[in-house]
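Worksheet: one structure, shown below.
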Amino acid sequence: MLGLTVALLIFLLNLAEHLLIISIDAKYLIFASFGSSAFLMYLMPESNSSKVSKFVKSYFAAGVIGLLCTFIVPYIGLFYSIAVVETAIAITLVGIEAKHPPAAAIGIVFLINRVGIYGIIIIIIGVATVSILTTVLKKAFYEAEKEVRRVK
């Protein structure tokens, strides 16, 4: 499932790049973030950060904060803006109880690559992809475990 998720994310990000919605650099940064999330969710499913609800809330919050903070870059510069966006994301994720660390990188994608509203669309597609596949995997694992217990 991890391999399938990563392959599907690569396909979707390549499609977005070819449609000129995002740059190649943004694609790599978004992929790194989602790849880390998929790794965490599939290989550490018992972790508090691996819950689908936390994953969804954290990416949505990080995307919106990243998009909003793009407006401060011309006034305070890129590096100070990164400090502001990462601080705002950290405080927000703690406040909404959605601590999913890989999502924090999404704010940086918005600042460095200026992906704009298209970035939110990419985030929604990526979140939906990973969420659906994670739910399917967990259900399949639960059913397989139940079957193994039944056979014993």
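The values are calculated or read from the model by the stated rules, or taken from the named source; none is laboratory data. Remember, it's a predicted structure, so these values are computed and weren't measured experimentally. Methodologically, a virtual Cβ is constructed for each residue, glycine included, from the backbone with ideal geometry; neighbour enumeration extends over all protein chains shown. When the accessible area is computed, the model is the full protein with side chains, heavy atoms only, and any ligands, DNA or RNA have been set aside. Shrake-Rupley method; radii C 1.70, N 1.55, O 1.52, S 1.80 Å.
Every residue in the range 58-70 that is in contact (Cβ under 8 Å) with a residue 40 or more places away in the chain and either hydrophobic (A, V, I, L, M, F, W, C) or open to solvent by 30 Å² or more (accessible area, probe 1.4 Å) (or both), please.
Going through the range 58-70, the residues in contact (Cβ under 8 Å) with a residue 40 or more places away in the chain turn out to be 58-67, 69-70.
Within the range 58-70, Phe60, Ala61, Ala62, Val64, Ile65, Leu67, Cys69 meet the criteria.
For the range 125-152, which residues satisfy the criterion of being modelled with pLDDT of 75 or more and open to solvent by less than 60 Å² (accessible area, probe 1.4 Å)?
Scanning the range 125-152 gives Gly126, Val127, Ala128, Thr129, Val130, Ser131, Leu133, Thr134, Leu137, Ala140.
Every residue in the range 71-110 that is of a type in the set (Val, Ile, Thr), within 24 Å of Val130 (Cβ to Cβ) and either surrounded by 13 or more Cβ atoms within 10 Å (Cβ to Cβ) or touching a residue at least 24 places away in the same chain (Cβ under 8 Å) (or both), please.
Val85, Ile89, Thr92, Ile96, Ile106, Ile108, Val109
Please specify each residue of the range 13-37 satisfying the condition of being of a type in the set (A, V, I, L, M, F, W, C) and either open to solvent by 60 Å² or more (accessible area, probe 1.4 Å) or modelled with pLDDT of 70 or more (or both). So that I can check it myself, show each step before the final result.
Initial filter on the range 13-37 (of a type in the set (A, V, I, L, M, F, W, C)): 13, 15-16, 19-22, 24, 26, 29-32, 34.
Result: Leu15, Leu19, Leu20, Ile24, Leu29, Ile30, Phe31, Ala32, Phe34.
Taking only pairs six or more apart or across chains, which ones have beta-carbon atoms under 8 Å, a first residue in the range 39-54 that is closer than 14 Å to Lys139 by Cα, and a second residue that is open to solvent by 90 Å² or more (accessible area, probe 1.4 Å) and of a type outside the set (Gly, Ala, Ser)?
Note: pairs meeting the criteria are Pro45/Phe141.
Every residue in the range 38-54 that is of a type in the set (D, E, K, R) and open to solvent by 90 Å² or more (accessible area, probe 1.4 Å), please.
Once the filter is applied, which keeps residues that are of a type in the set (D, E, K, R) and open to solvent by 90 Å² or more (accessible area, probe 1.4 Å), the range 38-54 yields Glu46, Lys51.
Considering (1) closer than 18 Å to Tyr28 by Cβ; (2) open to solvent by less than 20 Å² (accessible area, probe 1.4 Å), say which one Asn113 fails and leave the rest.
Evaluating Asn113 over (1) closer than 18 Å to Tyr28 by Cβ; (2) open to solvent by less than 20 Å² (accessible area, probe 1.4 Å) leaves (2) as the failure.
Would you call Lys138 touching a residue at least 12 places away in the same chain (Cβ under 8 Å), more than 18 Å from Leu29 (Cα to Cα) and touching a Pro at 6+ places or on another chain (Cβ under 9 Å)? Spell out how you get there, then give the answer.
Details: touching a residue at least 12 places away in the same chain (Cβ under 8 Å): yes; more than 18 Å from Leu29 (Cα to Cα): yes; touching a Pro at 6+ places or on another chain (Cβ under 9 Å): yes.
Against the criterion (touching a residue at least 12 places away in the same chain (Cβ under 8 Å), more than 18 Å from Leu29 (Cα to Cα) and touching a Pro at 6+ places or on another chain (Cβ under 9 Å)), Lys138 qualifies.
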